[in-house]
Every structure is written in structure tokens, then in C-alpha cells.
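Notes to accompany the following structure.
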Amino acid sequence: MDMTASMAAGRDTAARNVPRGLLPASFVLGGTLLSLVGLTWDIQWHSDVGPDTFFTLPHLFLYSGSAVSGIASLVVVLLTTAAQRRGADIDPIVGGRAVGVFGRTFAAPVGYLVSGVGAASFLLYGLWDQWWHGLYGFDAVIDSPPHIGLLLSISITMVGAVMVFATARDQRWGQIGTVVGAATLIAFSMVTVIGLQALPNGIVRPVTAGATFMCVLLLTMACGVITRRGGAIAVAVAVGLLQAVFWWFSPWAARVYADAVGLPVRDYIDGVPSLPAMIPMSLIIVAVAIELLRKAPAVIAGVVGGLIITLTLPLQNIWVYDSSMPPTDVYLATAATGAVVGALAGMLGRRFSQMLRHLAPTNETSTKEASHA
Amino acid sequence: MRRSVWGLLAAIGLLLGLAAPASAYEPVNVVHTEKVVAGPYTVTVGFSTWPLKAMQSLDFTFAPDDGIAGKQGNVIMSLGRQRQGEPLARHPRKRDVWGLDVRSLPEPGDWTVRFNIEGPKGTGTGELRDLKVMEQPGPPMGLSWAISTIPLFGLIALIVIAWRRTRRPV
């Protein structure tokens with residue numbers, strides 16, 4: 001018996017069992033999950049232990065997350081380009097319609113183009129961050145300009161991950177990936193919006209408003225992309241699972257790593273897992289409201305979602321941090337702002353879901369020709 | 001697929017393996033000190049860089065003459081209406097004294113560092129006044145923020161393009 005032929009046949013069978021497009025999409029999504037794990041670990045490390053260098057283990061998770069997503073995106077773009085040059089059919093289930101990059105030098109499926117650009121941007125902002133730390137020291141400030149640049153770059157990769165799965169939204173793996181990708185982006189965005197602290201902090205809490213915007217936007221979007229009922233609820237449940245896992249993982253990982261490198265835990269830590277505590281626990285209620293109001297104008301669902309989050313988040317902080325209620329004027333003004341940004345997020349979320357539905361191959365007019373980006 | 005997964009796991013393992021030798025932390029290197037009298041206690045305040053500049057992080061150490069054992073308290077740094085206070089905790093990389101690790105003061109000006117200490121000799125309060133913090137180094141913050149938010153504006157541009165090309169409901 002020809003062993004080589006037998007093994008090749010086995011590989012072919014295995015390859016046939018994996019739906020087309022699932023493998024590279026999984027690598028991109030896996031990369032974004034690595035980034036999220038690195039972020040929650042890193043924040044907890046600074047909160048509970050302290051010292052920083054460029055090569056801490058949480059940082060390596062952050063770097064490797066973008067590397068995995070970026071390399072997977074690059075491989076897909078190169079394979080698509082090669083297929084186009086030899087005149088083969090380009091299957092748009094792999095990341096959506098291919099667009100031309102640098103003229104027609106490369107043919108890039110639009111989802112992988114976005115995820116890859118995010119990863120490349122991460123590299124550039126890594127250099128910017130390194131220069132910044134050289135000038136200002138290794139401050140553990142999450143909302144420094146280069147850090148926000150890095151977080152925004154990872155967010156773009158996460159948007160690309162949602163796109164590559166939404167392209168296959170007619171298939172089960174596409175729906176699952178869209179849910180996990182949107183949940184990952186919601187959890188991650190709770191840190192990115194801390195950059196809004198740079199805005200004047202008056203009677204409204206800009207970070208709360210930003211978190212509200214991202215939650216309502218992505219839940220509404222998921223509700224529209226996944227046409228069967230329950231898309232928003234599935235995302236909220238996935239966010240809740242991430243929150244629960246990180247609630248245990250983040251402090252545990254910070255302590256294990258501290259023990260491994262011989263550093264003590266700080267005196268007077270509050271013991272609260274930082275990133276998970278930023279995620280609104282009311283998301284499941286918001287998701288149910290969005291699902292129930294899916295036939296109503298998006299602005300109404302958005303207002304309801306915005307109000308739920310901004311009214312309950314201070315209560316969550318009281319419970320988690322044993323803190324006190326904000327002043328009444330701040331509480332009400334932030335809730336009013338939540339209603340406004342929620343309305344905007346609801347409208348945008350519904351429109352974004354239409355954009356993502358356009359990525360599905362059944363709606364393509366041409367699958368062979370690459371057009372200019 | 002299995003080979004790809006093994007490849008990914010191997011890469012992660014390599015990263016974890018390389019992290020161990022890279023995780024060495026610098027000792028606290030005090031280059032300037034000031035004395036503060038807080039009632040019955042004299043505290044030596046140490047700085048790992050001098051002079052101080054806004055936003056430039058450094059290690060602060062707070063060392064009572066007769067050690068930190070049996071004492072507790074808090075430290076409050078203030079400039080005008082701006083105040084940041086916290087309990088006196090041991091420095092993570094110099095456990096025999098209190099301190100703040102890689103911490104920066106956000107704005108230039110004459111800062112005040114106030115100590116409230118309780119210990120075997122009773123309570124004491126003292127201040128280090130006119131701690132000069134110079135202007136921040138580097139480019140203006142507006143420029144730094146402009147550079148750092150380019151990905152956001154890129155994302156908005158992508159959304160605008162996609163918006164125009166997807167008007168037809170599906």
C-alpha cells in the first residue's frame with residue numbers, strides 16, 4: 001500500500017470536513033481572543049502587582065494575538081492574490097468580496113483586509129508606544145495616547161474578525177463566530193473607551209457614555225446580522241461568559257505570574273477583577289429589550305438600551321467596589337446622555353448590520369472580479 | 001488542521017518560554033532625596049529621577065528613619081484643586097520602605113506631598129511643599145492624540161465607504 005497516497009487522501013478527507021473559510025477565520029478570531037486575554041491579565045497585573053517591562057507575559061499575549069490574526073490575514077490575502085492571478089474562482093465565503101490593494105497588486109477579501117490592516121497598525125503603534133515609554137517611563141497608564149492607538153488597532157482587527165464570520169452568516173459556524181467576535185469586541189471596548197477620560201470630565205461621565213454606545217451598537221448590530229431571533233441575546237450571554245471566566249482568571253493569572261517572577265502582591269489591593277468589572281452586567285436585559293423591539297424604530301431600542309446601562313452601571317459599581325452613588329445631577333445627566341448615545345448607537349447598529357449582510361456571498365453580483373479598494 | 005493547531009501551540013509555548021528570562025525588573029535607584037518631618041517621624045522622600053517632569057514616571061520611596069514596622073498612614077499629592085491620595089504601601093520592588101512605583105504627576109507646577117502617619121509614637125502630619133514639576137517632555141498632547149487616533153478615523157472612513165455601497169436593503 002502506498003503510504004504517501006494514503007496520508008494525502010486522509011488529509012484531503014480532513015480538509016473536506018472543515019467548512020471552507022472556517023480555518024483562517026478561526027485563526028483571526030483566536031488571535032483577538034489572545035489579545036483580550038492579554039489585556040485583562042495586563043490590567044490586573046498593574047493593579048495587583050505593578051512593575052512593567054516591554055516583555056511581560058501579558059504583553060506577549062497582546063503581541064501574539066495581533067501576530068496570529070495578522071499572519072492569518074496575510075496568508076489569506078496572498079492565497080487569494082495567487083488564485084486571482086492564475087484565473088481561478090475566488091470563493092467570497094472566505095472573508096467576503098476581494099478588493100484590489102495597491103492597484104491590483106493584491107486581491108484581498110475585504111474582511112481579511114480589515115483584520116490585517118488592524119494588525120499592521122498594531123505593529124506601528126507598538127513602535128510609537130516603545131518611543132513613548134523611552135521618553136515618559138514605563139508608566140502603567142492604560143489611557144496614554146499610544147496605548148489607545150494600540151487598543152484601536154486591535155479593535156480594527158476585531159471588526160475584521162466579525163466581518164469574516166458575518167460573511168458566512170448563513171452557516172452555523174458563521175453565526176457562532178459572529179457572536180463570539182462581537183462579544184470579544186464589546187469586552188475589549190470597555191477598556192478602549194477609557195481614552196475618553198481625556199475629554200473634559202464635567203457633569204457627564206464620558207467613559208460611561210462611551211461604554212454604553214459600544215454595547216448598544218454591537219448588540220443591535222448582532223440582532224440584525226443574525227436573522228434568526230436571539231442574536232443580541234447570544235452576544236450578551238457570550239459577553240457574560242467572558243466576564244465570568246475573566247473574573248476568576250485575571251486575579252489568578254496575576255498572582256501566578258507574580259509568584260513565578262518572585263514579585264509580591266501590592267499592599268491594599270481591592271481584589272476586584274478590573275476589566276470584568278468594567279463590563280455592564282445588565283447587558284442581558286439590554287439584549288432582551290433589543291430583541292423585543294426589533295420591529296420598532298432602532299432609535300427606540302437604542303434609547304431603552306442606553307438608559308438601562310447608564311442607570312444600572314453605578315449600582316453595579318456600588319455592589320462591586322462598595323462605592324457610593326454618584327451625585328444625583330451626575331447620575332441623571334449621564335443617564336440622559338446614555339439615552340442620546342444609545343439612540344445613535346441603535347440607528348448605527350441597525351445600519352451596520354445591513355452592511356454586514358451585504359458581505360454574504362448570496363448577495364454578491366460578481367465573485368470573480370476584484371475591484372479597486 | 002491538526003498541524004496548524006500544533007504549530008500555533010508551539011508558537012505560544014515558545015513565547016512563554018522566552019518570557020521567563022526577559023522578566024527581570026530594575027531595582028529602585030534613588031538619585032535625589034528630601035526630608036519631611038511629620039510629628040514625631042522623619043521621612044526621607046526618595047526620587048528615582050530628578051528633576052521631575054509632568055507625565056514622566058518615576059519611583060517614589062518614603063522611608064521613616066526608624067523603619068515602617070508598626071506604622072501606617074496615607075500620602076496625598078496635591079496641586080491646586082487636584083488631589084491624589086492613597087494608603088502608604090510598601091514599594092513593590094523595595095519592600096523595606098513605602099513608595100509609589102513608576103508613577104507620574106500629571107501637570108507641571110509646585111506640588112505638595114502630605115503625609116499622615118500613625119505609629120508607636122502617636123500620629124504625625126508633615127508636608128513636602130513646593131515640589132517643582134517641570135513641563136512635560138515630548139510633543140504636545142494634541143499632536144500625540146492626533147497620531148494615536150488615526151486608526152479610529154480610518155475605521156470611520158471605512159464605514160463611510162461601506163455605507164455608500166450598501167444602501168440596498170438585503
Residues within the stretch B:125-141 that are facing chain A (nearest Cβ under 10 Å) and not in a loop (DSSP other than H, G, I, E, B), tallied: 1
Neighbours by Cβ (under 8 Å, 6+ apart or cross-chain): first from the stretch A:108-121, over 14 Å from A:Met158 (Cβ atoms) and at the interface with chain B (Cβ under 9 Å from one of its Cβ atoms); second modelled with pLDDT of 95 or more and open to solvent by 10 Å² or more (accessible area, probe 1.4 Å): A:Val110/A:Met163
Lone unmet requirement of (1) within 30 Å of B:Lys94 (Cβ to Cβ); (2) modelled with pLDDT under 95 for A:Ala83: (1)
Tally of residues being open to solvent by 20 Å² or more (accessible area, probe 1.4 Å) and closer than 18 Å to A:Val341 by Cβ across the stretch A:272-282: 1
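Which is small (Gly, Ala, Ser), within 7 Å of another protein chain (Cβ to nearest Cβ) and in a helix (DSSP H, G or I), of B:Ala157, B:Ala162? Let's see the steps before the verdict.
Details: B:Ala157 fails: within 7 Å of another protein chain (Cβ to nearest Cβ).
Matching residue, one of B:Ala157, B:Ala162: B:Ala162.
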Residue in the stretch A:119-138 that is under 15 Å from A:Phe27 (Cβ atoms), surrounded by 23 or more Cβ atoms within 10 Å (Cβ to Cβ) and within 18 Å of the chain's Cα centre (by Cα) present: yes
Lone unmet requirement of (1) part of a loop (DSSP other than H, G, I, E, B); (2) within 14 Å of chain A (Cβ to nearest Cβ) for B:Gly70: (2)
Residue identified as closer than 17 Å to A:Gly346 by Cα and under 18 Å from the mean Cα position of the chain (by Cα) among A:Thr227, A:Thr220: A:Thr220
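If only one of A:Val141, A:Val159, A:Val94 is open to solvent by 20 Å² or more (accessible area, probe 1.4 Å), part of a loop (DSSP other than H, G, I, E, B), within 13 Å of chain B (Cβ to nearest Cβ) and hydrophobic (A, V, I, L, M, F, W, C), which one is it? Reasoning before the result, please.
Details: A:Val159 fails: part of a loop (DSSP other than H, G, I, E, B); A:Val94 fails: within 13 Å of chain B (Cβ to nearest Cβ).
Answer to the selection: A:Val141.
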Failed item in (1) within 26 Å of the chain's Cα centre (by Cα); (2) open to solvent by 50 Å² or more (accessible area, probe 1.4 Å), with B:Asp101 passing the rest: (2)
Conditions (1) open to solvent by less than 60 Å² (accessible area, probe 1.4 Å); (2) over 20 Å from the mean Cα position of the chain (by Cα): number failed by B:Pro120: (1)
The stretch A:309-335 residues that are more than 20 Å from A:Val216 (Cα to Cα) and outside any helix (DSSP H, G or I), paired with ones that are hydrophobic (A, V, I, L, M, F, W, C) and open to solvent by less than 20 Å² (accessible area, probe 1.4 Å) (beta carbon under 7 Å, 6 or more apart): none
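Table: residues versus (1) open to solvent by 60 Å² or more (accessible area, probe 1.4 Å); (2) more than 21 Å from A:Gly342 (Cβ to Cβ); (3) touching a residue at least 40 places away in the same chain (Cβ under 8 Å); (4) in contact with a Gly (Cβ under 9 Å, 6 or more places away or on another chain).
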| residue | (1), (2), (3), (4) |
| --- | --- |
| A:Thr212 | no, no, yes, yes |
| A:Leu219 | no, no, yes, yes |
| A:Val225 | no, no, yes, yes |
| A:Ala234 | no, no, yes, no |
| A:Ala244 | yes, yes, no, no |
| A:Trp247 | yes, yes, no, no |
| A:Pro251 | no, yes, yes, yes |
| A:Tyr257 | no, yes, yes, no |
| A:Ala260 | yes, yes, no, no |
Filtered residues of the stretch B:123-170 (kept if open to solvent by less than 40 Å² (accessible area, probe 1.4 Å) and either among the basic types (Lys, Arg) or under 21 Å from A:Gln130 (Cα atoms) (or both)): B:Pro137, B:Pro139, B:Ser144, B:Ser148, B:Thr149, B:Pro151
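Residues to consider are A:Ile308, A:Ile285, A:Ile269; find the one that is buried (at least 22 other Cβ atoms within 10 Å of the Cβ), in contact with a helix residue (DSSP H, G or I) (Cβ under 6 Å, 6 or more places away or on another chain) and among the hydrophobic types (A, V, I, L, M, F, W, C).
After ruling out the rest, the residue left standing is A:Ile308.
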Among (1) assigned to a helix (DSSP H, G or I); (2) surrounded by 14 or more Cβ atoms within 10 Å (Cβ to Cβ), the one test that A:Arg294 misses: (1)
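Going through the stretch B:42-81 one residue at a time, which ones are open to solvent by 60 Å² or more (accessible area, probe 1.4 Å) and without any contact (Cβ under 8 Å) to a residue 60 or more places away in the chain? If you could, list the steps in order and put the result at the bottom.
Step one: filter the stretch B:42-81 for residues open to solvent by 60 Å² or more (accessible area, probe 1.4 Å), giving B:50-51, B:53, B:65-66, B:69-70, B:72, B:80-81.
Passing the criteria: B:Trp50, B:Asp65, B:Asp66, B:Ala69, B:Gly70, B:Gln72, B:Gly80, B:Arg81.
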Scope the stretch B:56-67; condition within 12 Å of another protein chain (Cβ to nearest Cβ) and of a type outside the set (Ser, Thr, Tyr); matching residues: B:Gln56, B:Leu58, B:Asp59
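The values are calculated or read from the model by the stated rules, or taken from the named source; none is laboratory data. No experiment lies behind these values; they were computed from the predicted model shown. FYI the Cβ positions are ideal-geometry reconstructions off the backbone, even for glycines, and counts take in every protein chain you see. For the accessible areas, the whole protein counts, side chains as well, though only heavy atoms, and no ligand, DNA or RNA atoms are used. Shrake-Rupley method; radii C 1.70, N 1.55, O 1.52, S 1.80 Å.
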